[in-house]
Amino acid sequence: MCGIIGATSSRSVGKILIKGLHLMEYRGYDSAGVALHQKDQIVRLRALGKVAELESLMIEHKPKAKSGIAHTRWATHGQPSKQNAHPHDSHEEIFIVHNGIIENHSELKKQLTDAGYTMKSETDSELIAHLIHFHKQTTQDSLKALMNATQDLRGAYAIAMIDASVKGSIFAARHKSPLLVGQGIEENFVASDPLSIINITEQFFLLEDDEFAHITKHDINIFDANGHSVDRKETVIDATATATSKGNYKHYMEKEIYEQPEAVANTIDGRLLEMDVADNIFGIDSSKAFADIKRIQFVACGTSLHAAKVARSWFERICETPCYVDFASEYRYRNPLVENNTLFVCISQSGETADTLAALEYAKQKEYLGTVTICNVPTSTMARESDWKIFTNAGPEIGVASTKAFTTQLAALLMLAVAIAKSQNKNTELRQQAVQDLRNTPALIQEAFELLEDINYITKNISEKENSLFLGRGMYFPIAQEGALKLKEISYIHAEAYPAGELKHGPLALVDEDIPVVAVAPEDSLVEKLLSNLEEVKARGGTLYVFGNNRSTIEIKKGKFINMPECGDFNAPIIYTIPLQILAYEVACLRGTDLDQPRNLAKSVTVE
Ligand code: M6R
């Protein structure tokens, strides 16, 4: 999704900005642009498509500037085009880049048009430049004009702005969309994603909602909504923890799949005792507070939602606690009734997903016992806004398709289930078993990688199809959903997941000789029932690809049985995910899609 970077320095900033945009490419975008303060005017270059196109324009025009702002845009209002790309300007004086959505854009556009402003794009963002210009006419002060303009905005925004009359300055504002300031030597930066400048600085000042910043190459000043100066503590983000090279892998997704043994090892590292989880691994006093939990409400989106759905079974079994799982985008619109002693848990790789963040904010106004965030980015808004948290420590996930984020979320969720049961003195044996399974997980993931040859036996067939079905039962239904999501998002093959028992209630009509049916069939209490459901597929001539273990009784004439490593009860969902990720990856490679940045998708979805 959109990315902002701004730099003011004693050296030329063109290359810094382009490099920063390249480092944010993983977020997904459709156009890119830059505005540079050159002599007494601002030069703007914009390109549709990849950052490389913008880079070519920079090489052609060779702008020389020591301050500027740049942006990658992911279209929300107005189609991807050069005209709609940021930066947007007003009177070639005020230039802005914006992440987020302005909800009252129609109303504001009308007011501005009535006041004589002309809109040159179809975006909601352009009006911000005009609004600042409008306020500047009365205040004559760029920062005040920005502050006054934001009072008129409804929605979400991270804004970076430059003003042709204030050379070397960058102004910034944040409301419900991430933005931070980076501190260098004789240079300072604003960015929506620390990865864009992590190769230049490790020292950051995180902006809170409704704060503003004014930076020059020597100074960083942060202000609250009333214009009072804020004394912000510096946050150090370790560059080594955010290494972003692909190494010898062809794609980030491939690298991230094969990093999973280490990623899960990092999630559990230092958090397990011999037979239990350590106390307070979710933060100060969490163990004490967890003793009172009677129910759990999960919210998340996409892959993170699948993690919640898998984990529900663990919470019901290990903590004997009822769990509700909601799409973050739906949760706050259904007026949820909160029973006493309910814990609110949000799960998010990025910790910035707008729907999940909005759900968390809504939950904080309700009578929850407390809020927990499970996420991969310690500096994220969700992490800051929750009472308790655990970081998955998976390292940066760059591929749009979540892989290691998912398996590490599952590991963290299993630790949460054990932590709650421990606080409530419940199910000691199950807790021990869960902890043992967590310890064995990295090695089992490694074993699952050995299935590559078997998986490649089926990838060609699947890559030639346009539709597929994924089946599972119990906690393996969300694993089937995750497998289907992976396949559809990176290969563009239509993939639908069903609990296998539902097949006969409709989807069986889709089964013929042509459709591949992938089944997740580990040995659990439901496997016999699942195998009967698969007989229904066989009877209709369907091609079956079944992931199970060597005690499985299914005979497959058309398709393939893939023998999975022997897993524990608690780590099997994690291990059965691995071949589905590899399957999706290999199929997408055969189809030649842009699988690290699939069409229409963004890594971090910061708009509602
Ligand atoms: O950062 P989050 O985990 O909150 O992101 C939520 C979804 O957008 C994300 O899981 C998405 O579904 C995956 N990238 C799909 O692989």
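Any residue at all in region 63-71 that is farther than 18 Å from Thr8 by Cβ and either touching a helix residue (DSSP H, G or I) at 6+ places or on another chain (Cβ under 9 Å) or without any contact (Cβ under 8 Å) to a residue 40 or more places away in the chain (or both)? So far as region 63-71 goes, no, none of its residues is farther than 18 Å from Thr8 by Cβ and either touching a helix residue (DSSP H, G or I) at 6+ places or on another chain (Cβ under 9 Å) or without any contact (Cβ under 8 Å) to a residue 40 or more places away in the chain (or both). Filtering region 560-571 down to residues that are open to solvent by less than 10 Å² (accessible area, probe 1.4 Å) and farther than 11 Å from Leu451 by Cβ, which residue is nearest to the chain's Cα centre (by Cα)? Among residues in region 560-571 that are open to solvent by less than 10 Å² (accessible area, probe 1.4 Å) and farther than 11 Å from Leu451 by Cβ, the one nearest to the chain's Cα centre (by Cα) is Asn571.
Take region 410-427 and flag every residue that is part of a loop (DSSP other than H, G, I, E, B), of a type in the set (S, T, N, Q) and touching a residue at least 40 places away in the same chain (Cβ under 8 Å). Listed by number, the residues that qualify are Gln424, Asn427. One residue stands out in region 326-356 among those that are open to solvent by less than 10 Å² (accessible area, probe 1.4 Å) and in a loop (DSSP other than H, G, I, E, B): the one that is nearest to Asp193 (Cα to Cα), namely Gly351. Close contacts from region 584-608, counting a first residue that is open to solvent by 20 Å² or more (accessible area, probe 1.4 Å) and a second that is within 11 Å of the ligand (Cβ to nearest atom) and charged (D, E, K, R), with Cβ to Cβ under 9 Å and a gap of 6+ residues or different chains, come to Gln597/Arg27; Gln597/Lys603; Leu601/Glu489; Lys603/Arg27; Lys603/Glu397; Val605/Glu352; Val605/Asp355; Glu608/Asp355.
Restricting attention to region 363-409, and to residues there that are of a type in the set (S, T, N, Q), in a loop (DSSP other than H, G, I, E, B) and touching a residue at least 12 places away in the same chain (Cβ under 8 Å), which single residue is nearest to the ligand (Cβ to nearest atom)? In this case the residue turns out to be Ser402.
Only one entry in Leu601, Leu503, Leu508 is at pLDDT below 85, within 16 Å of the ligand (Cβ to nearest atom) and over 19 Å from Tyr258 (Cα atoms), namely Leu601. Taken over region 281-325, the residue count meeting the criterion of being away from the ligand (no atom under 16 Å from the Cβ), open to solvent by 30 Å² or more (accessible area, probe 1.4 Å) and part of a strand (DSSP E or B) is 2.
When each of Asp163, Asp114, Asp152 is tested for being of a type outside the set (Gly, Ala, Ser) and open to solvent by less than 40 Å² (accessible area, probe 1.4 Å), the lone residue that passes is Asp163. When Leu438, Leu485 are checked against the criterion of being touching a residue at least 24 places away in the same chain (Cβ under 8 Å) and away from the ligand (no atom under 16 Å from the Cβ), a single residue qualifies: Leu438.
Residues that are within 16 Å of the ligand (Cβ to nearest atom), aliphatic (A, V, I, L, M) and either modelled with pLDDT of 95 or more or under 28 Å from Thr403 (Cβ atoms) (or both) are absent from region 266-280.
Table: residues versus (1) closer than 16 Å to His88 by Cβ; (2) in contact with a helix residue (DSSP H, G or I) (Cβ under 9 Å, 6 or more places away or on another chain); (3) aromatic (Phe, Trp, Tyr); (4) modelled with pLDDT under 95.
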{"position": "Ile18", "(1), (2), (3), (4)": "no, yes, no, no"}
{"position": "His22", "(1), (2), (3), (4)": "no, yes, no, yes"}
{"position": "Glu25", "(1), (2), (3), (4)": "no, yes, no, yes"}
{"position": "Asp30", "(1), (2), (3), (4)": "yes, no, no, yes"}
{"position": "Val34", "(1), (2), (3), (4)": "yes, yes, no, no"}
{"position": "Arg46", "(1), (2), (3), (4)": "yes, yes, no, no"}
{"position": "Leu54", "(1), (2), (3), (4)": "yes, yes, no, no"}
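If I filter region 450-464 for residues that are more than 16 Å from the ligand (Cβ to nearest atom), assigned by TED's automatic domain parsing to the domain that holds Asn550 and not in a helix (DSSP H, G or I), do I get at least one hit? Checking region 450-464: at least one residue is more than 16 Å from the ligand (Cβ to nearest atom), assigned by TED's automatic domain parsing to the domain that holds Asn550 and not in a helix (DSSP H, G or I).
Inspect all residues belonging to region 413-434 and state whether any of them is of a type in the set (Lys, Arg) and closer than 23 Å to Ile257 by Cβ. No - not one qualifying residue is present in region 413-434. Within region 575-584, one or more residues are assigned by TED's automatic domain parsing to the domain that holds Met475 and over 19 Å from Tyr457 (Cα atoms).
Out of all the residues in region 357-373, which are hydrophobic (A, V, I, L, M, F, W, C), more than 12 Å from the chain's Cα centre (by Cα) and buried (at least 22 other Cβ atoms within 10 Å of the Cβ)? Hits for region 357-373 are Ala359, Leu360, Ala363, Val372. The single condition among (1) within 16 Å of the ligand (Cβ to nearest atom); (2) more than 21 Å from the chain's Cα centre (by Cα) that Ala421 does not meet is (1). Within region 226-240, if we keep just the residues that are open to solvent by 60 Å² or more (accessible area, probe 1.4 Å) and part of a loop (DSSP other than H, G, I, E, B), the residue that is farthest from Ala172 (Cα to Cα) turns out to be Asp238.
The values are calculated or read from the model by the stated rules, or taken from the named source; none is laboratory data. Here the structure is a predicted model, which is why all the values come from computation and not from measurement. So basically every Cβ, Gly included, is an ideal-geometry build from the backbone, and we count neighbours across all protein chains shown. Accessible surface areas use protein heavy atoms only, side chains included; no ligands, DNA or RNA. Shrake-Rupley method; radii C 1.70, N 1.55, O 1.52, S 1.80 Å.
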